[in-house]
1. Listed residues 131, 98; which is open to solvent by 60 Å² or more (accessible area, probe 1.4 Å), in contact (Cβ under 8 Å) with a residue 12 or more places away in the chain and not in a helix (DSSP H, G or I)?
2. Mind listing whichever residues of segment 29-38 are touching a residue at least 24 places away in the same chain (Cβ under 8 Å) and open to solvent by 10 Å² or more (accessible area, probe 1.4 Å)?
3. Can you tell me how many residues within segment 30-51 are in contact with a Ser or Thr (Cβ under 8 Å, 6 or more places away or on another chain), of a type in the set (Val, Ile, Thr) and in a helix (DSSP H, G or I)?
4. Right, residue 54: under 17 Å from residue 188 (Cβ atoms), at pLDDT 85 or above and part of a helix (DSSP H, G or I) or not?
5. I want to confirm something. Restricting to segment 61-92 and keeping residues that are at pLDDT below 85 and in contact with a Ser or Thr (Cβ under 8 Å, 6 or more places away or on another chain), which single residue is most open to solvent (accessible area, probe 1.4 Å)?
6. Would you point out the residue of segment 162-185, among those that are in contact with a Gly (Cβ under 7 Å, 6 or more places away or on another chain) and either open to solvent by 20 Å² or more (accessible area, probe 1.4 Å) or of a type in the set (Gly, Ala, Ser) (or both), that is nearest to residue 228 (Cα to Cα)?
7. Testing residue 232 on (1) closer than 23 Å to residue 96 by Cα; (2) part of a helix (DSSP H, G or I); (3) open to solvent by 40 Å² or more (accessible area, probe 1.4 Å), one condition comes back false. Which one is that?
8. Out of 89, 27, which single residue is of a type in the set (Gly, Ala, Ser) and more than 17 Å from residue 177 (Cβ to Cβ)?
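The values are calculated or read from the model by the stated rules, or taken from the named source; none is laboratory data. None of the values given here were measured: they were computed from a predicted structure. Ideal geometry is used to build each Cβ from the backbone, glycine not excepted, and the neighbour counts take in all protein chains shown. What goes into the accessible areas is simple: the full protein's heavy atoms, side chains included, and nothing from ligands, DNA or RNA. Shrake-Rupley method; radii C 1.70, N 1.55, O 1.52, S 1.80 Å.
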Amino acid sequence: MDALTLIIVFFSFGLSFLFALGGVGSAVVLIPTLSWLGVPFNLARPTGLFVNCVSMLGATYSNFKEKRLDIRLGLPIILSSIILAPVGAWVGHLVPTRFLLLIFIGFLFFSGSMMLFFKGSKYADQYREDRPVLGPLLVGVLAGFISGLLGVGGGGVISPLMILQGFNPKKVAMVTAFAVPFSSFSAFVAYAAMGSISWKILAVAGLAAWAGGFLGTKLMQKKMHPQTVKKLLGGVLLLLGVKLFWSLV
């Protein structure tokens, strides 16, 4: 195993572990990290999608085993995101890389700001306990398209928008982890059909990400408050957005 492969394993595990604490996939940071390591952006995007898929499968397995997952709330998100993710991937192949990076930076600022500054309800009895269809369905449409377009899995869209609708942040983290693998895999298949993948990178990054996602979710369930973790992740995303923007100007 060469040095670059070892570095990819390290970052795939570490970032998947860290972001699983907040119930979101790590592709939003892994993609620019792989790019800085010399992986072309058109290969980094499908790799990020694959990593999101397997890391959040690890997280979902943990949530399902602990009987904490609200499957009915996540189904509308899953169905709409599966349909829109390949559309986003197709559009992503038509848009110039520099323009995609600018969109990606905007996504980082949006997702980071929502995680850092939006608090949701202060009282547990004010959280919604119903299972609507339309709101989550529209969230899935947006998340699926962005997942395919940027290769980020959509968790950074699903999580803040579901919290905006009044759902418990801890439940949202679990629903997001449940939904992300479907949109990620749908977009990944579209990229694979267009030939933009590296099987070697996928294999090593995927195994490391699954372990990181599983362990991160276990720790979140037992030891950490998801709102605290989301503030940490929000700060990371904003700093990353500033760094990427600075590198483009």
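1. Only one candidate qualifies: 131.
2. 29, 37, 38 - these are the residues of segment 29-38 that are touching a residue at least 24 places away in the same chain (Cβ under 8 Å) and open to solvent by 10 Å² or more (accessible area, probe 1.4 Å).
3. 3
4. no
5. Here the residue is 69.
6. Among those residues, the one meeting the criterion is 173.
7. Evaluating residue 232 over (1) closer than 23 Å to residue 96 by Cα; (2) part of a helix (DSSP H, G or I); (3) open to solvent by 40 Å² or more (accessible area, probe 1.4 Å) leaves (1) as the failure.
8. On the way: 27 fails: more than 17 Å from residue 177 (Cβ to Cβ).
After ruling out the rest, the residue left standing is 89.
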